[in-house]
Amino acid sequence: MRSSILFLPFKRKIAPDPSMSLLDLSQKLSLPLTSSCGGKKICGKCKVIIVETEGPLPEPSDRELEILGPLIEKGYRLACETLLTGDAVVRIPEESQIGRQVILTSATHHPYQARMRPSVNHYFVEVPPPTLDAPRADRERLLFALKEAYGIQDPSMDTFVLRELPHALRSDQNGLTAVIRNKSEIIAVYPGKEEGLFGMAFDIGTTTVVGFLLDLHTGAKLSVQSAMNPQIPFGDDVISRIASSQERPDRMDTLRQSMVDCLNALIADASAEARIDPSRIVDVTAAGNTAMHHFFVGLDARYLSMAPYLPVLQSAQDLKARDLGLEIGKSAYVHMLPLKDGFVGSDTMACILASRLHRVRIPTLLIDLGTNGEIVVGNREKLICCSTAAGPAFEGGHIRWGMRAAPGAIEQVKIDPKNLDVNVKTIEGKRPLGLCGSGIISAVAEMIRAGLVLAKGNFNDQIRTPRLRKGKEGLEFVLAWAEDSGTAENIVMTQKDISELQMAKSAVFAGARLLMDLFGNESIRRILLAGAGGNTVDPHDARTIGLFPASAETEIIGVGNAAGLGACLALLDKDKRKEAQSIAAKTRYYELSGSARFQELFVSSMFFTSAQDWKDQF
Ligand code: FES
């Protein structure tokens, strides 16, 4: 009998393969096993428990011994390090499962309203039947009727529309409705008078994907659906995912197909909620970072991670939805918003479009605190952008107890400055499982305010409290004791975690400062925080850790999922597509990787200048 490996709690079986690690096998089964580093044996997040095995269990590697320590005795192993060849039962513990994330589906609170100028429209016509005296073919009769009724000259017609045309013309209903794109191509024909006209806008993020189903006549939002990005098992950040896409010849296709399946599921759910047939969706817009764009379209993303970090293309594209695999109207198009550079994608262009940064007079700083830290400084005169290698700390990556913004994640921390007691607020009020980005920022900000963390980022070892103690990586502060946590372990912030956050915040601060200098050294009076991280970060905490260069007067506004709103605007108003293109052309990209000034600012921004000992430092 063939051997098999059973993955619990999912009850999924697969035959062992001597060339595939447990991580590879779990990915083949599409199991939600976290692998933040994409199998590079760095993150230590792919922990599994070997419940039983018939075949040989390889000795743990040095890396496993270092990361797992005493957990090895309990059967824990790293999935990306472990190859099994015989029958086995493997459990993916809860802390290693990719959790449901709190996904930012709301649009910005910006009052800007869309003008209704969709790129597709309905045209109802009565087409005279053919006669023996005037033997005109179906297509020619329809074109003649459209010209007579609407002045539309010779639109082209997709093959799929031609196949439908004879049936639509000969139905028992009066007349025919043609759906015409930009008055130049007929993309659907329906018998009789058809009223509904629908489109979908997608925000394809590295971590989450959101789809908005909109009525193209009224602009009404009929449904908003969201999902975790199905490519997460191949790496949390775009660099890990690009590396993963090169590991196997079929990996690129796996990544692309997983995204197509995800978008089709969102389309199906949105259509079901709005009670429409998905085939009646006749237009789509999509915004995402450059790597997500390339994976979805099926473009080779490898050169994005090599200097000079160039994408395959930059301009907006109109692609047939069927060529991409989307299950909507057969002749419908997908408008991919323009990219700026390898690390500044159409999501940033959509953020600018939605926040109207390119139209305001006041110089404004826009920071997208998602998985990638994109920064734009600008106003109606000019726009400058960069992408900071902030690392995944804002999303919980590389943090000992870091996790995504899922139920059980600590999102806010309060420390009593007198007795150093800690209160944590978790998403959905569950027992704490770890810290999400806003929780990490909040914890460090509170520790600074309580005098526990000093200007250099080190713990104040003069403070006596059982919560500040020596751990295996040096001093650590206990945020939740094992008996109160949902993991039965103490949830702590380590010295290394604080250093990770220092590096992430310094990268954002230095990127923003550099762009502000390039912009003309004007002080910034308004900061817009976009993205999943941006909307939930407390501005007071952000100021305390020095996340951006802001004075006490600077107005800080959370603008929610601005990329999603930008994609919606481009769906409802075709002029916004041109505007996005002109934003991309107008925006200057500044590459930080070779900048000595950035390095200088990065190092000098490491300090916590609000710490109690800051003044003693200099
Ligand atoms: S250590 Fe295994 S996926 Fe990162």
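Observations on the structure shown:
- When I42 is tested against (1) under 30 Å from the mean Cα position of the chain (by Cα); (2) more than 10 Å from the ligand (Cβ to nearest atom); (3) hydrophobic (A, V, I, L, M, F, W, C), only condition (2) is not met.
- Against the test of being within 30 Å of the chain's Cα centre (by Cα) and either hydrophobic (A, V, I, L, M, F, W, C) or more than 8 Å from the ligand (Cβ to nearest atom) (or both), the options D17, D24 yield a single qualifying residue, D24.
- All conditions but one from (1) at pLDDT 90 or above; (2) surrounded by fewer than 22 Cβ atoms within 10 Å (Cβ to Cβ); (3) over 19 Å from R241 (Cβ atoms) apply to S21; the one that does not is (3).
- When each of E81, E66 is tested for being within 33 Å of the chain's Cα centre (by Cα), acidic (D, E), within 15 Å of the ligand (Cβ to nearest atom) and surrounded by fewer than 14 Cβ atoms within 10 Å (Cβ to Cβ), the lone residue that passes is E66.
- For R139, the stated conditions do not hold, so it cannot be described as more than 16 Å from the ligand (Cβ to nearest atom), of a type in the set (K, R), loosely packed, with under 13 Cβ neighbours inside 10 Å and at pLDDT 95 or above.
- Counting the residues of region 144-158 that are among the polar types (S, T, N, Q) and touching a helix residue (DSSP H, G or I) at 6+ places or on another chain (Cβ under 7 Å) gives 1.
- Answer from T108, T82 - the residue that is of a type in the set (S, T, Y) and modelled with pLDDT of 90 or more: T82
- Helices (runs of 4 or more DSSP H) completely within region 516-618 that count 1 or more residues being more than 30 Å from R181 (Cα to Cα): 531-536, 539-545, 596-604, 614-617
- For R275, the conditions (1) free of Cβ contacts under 8 Å to residues at least 24 places away in the same chain; (2) crowded, with 24+ Cβ neighbours inside 10 Å all hold with the exception of (2).
- Checking each residue in region 319-340 for being over 22 Å from the mean Cα position of the chain (by Cα) and under 19 Å from A350 (Cβ atoms) picks out only Y333.
- In region 406-446, the qualifying residues are those that are under 20 Å from the mean Cα position of the chain (by Cα) and assigned to a strand (DSSP E or B), and the one that is surrounded by the most Cβ atoms within 10 Å (Cβ to Cβ) is L435.
- Filtered residue count, region 345-382, keeping only those that are hydroxyl-bearing (S, T, Y), part of a loop (DSSP other than H, G, I, E, B) and surrounded by fewer than 24 Cβ atoms within 10 Å (Cβ to Cβ): 0
- Any hit, region 246-257, residues being on the phi > 0 side of the Ramachandran plot and modelled with pLDDT of 95 or more: no
- Residue in region 45-52 that is under 28 Å from R251 (Cβ atoms), within 14 Å of the ligand (Cβ to nearest atom) and modelled with pLDDT under 85 present: yes
- Answer residue from region 168-184, given it is more than 30 Å from N289 (Cβ to Cβ) and part of a strand (DSSP E or B) and is farthest from the chain's Cα centre (by Cα) among those: L176
- Boolean, E327 is without any contact (Cβ under 8 Å) to a residue 24 or more places away in the chain and among the acidic types (D, E): no
- Residues of region 26-51 that are surrounded by 23 or more Cβ atoms within 10 Å (Cβ to Cβ), more than 13 Å from E64 (Cβ to Cβ) and of a type in the set (A, V, I, L, M): L33 alone.
- A563 vs. criteria over 23 Å from A611 (Cβ atoms) and of a type in the set (G, A, S): yes
- Residue in region 315-343 that is farthest from M252 (Cα to Cα), counting only those that are in a loop (DSSP other than H, G, I, E, B) and among the basic types (K, R): K330
The values are calculated or read from the model by the stated rules, or taken from the named source; none is laboratory data. Since the model is a prediction, treat every value here as computed from it, not as a measurement. Please note: Cβ atoms are built from the backbone with ideal geometry, for glycine as well, and neighbour counts cover all protein chains shown.
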